[in-house]
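S.K.: Structure in structure tokens, see below.
The values are calculated or read from the model by the stated rules, or taken from the named source; none is laboratory data. Just so you know, these numbers come straight off a predicted model, no measurement behind them. Virtual Cβ from ideal backbone geometry, glycine too; neighbours counted across all protein chains shown.
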């Protein structure tokens, strides 16, 4: 087991997690249809996102919610996303950063579910 202390650890987390997502029967079709052949770019973006969130190395610039807003997703998708994320953490990492990663993923999923429901039921979009 490893602790999350460097970009190499973040890359292991992201690569292992998205390998599961791409094969998942619920999430895989949505991600693969949306991302298509841009997986290397998506993974790179996720490296910078989690590097910023967990290591406080500010390499991510953007709005993580916007790309998800119009996708056909809801609470069941985020529940599965969290299951796969937790599984990836538990298979590879231990320590306070691993627990922080789970906590942050949980909070992000909760927020996305509420916001997606809000915008989809009102057929509106946020100010970006």
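S.K.: Looking at 34, 51, which one is farther than 29 Å from residue 2 by Cβ, surrounded by 12 or more Cβ atoms within 10 Å (Cβ to Cβ) and in contact (Cβ under 8 Å) with a residue 12 or more places away in the chain?
M.R.: Numbers: 51 fails: farther than 29 Å from residue 2 by Cβ.
Sole residue among the options that is farther than 29 Å from residue 2 by Cβ, surrounded by 12 or more Cβ atoms within 10 Å (Cβ to Cβ) and in contact (Cβ under 8 Å) with a residue 12 or more places away in the chain: 34.
S.K.: When you look at residue 11, is it part of a helix (DSSP H, G or I), farther than 17 Å from residue 82 by Cα and at pLDDT below 95, yes or no?
M.R.: No; evaluated as a whole, the condition is false for this residue.
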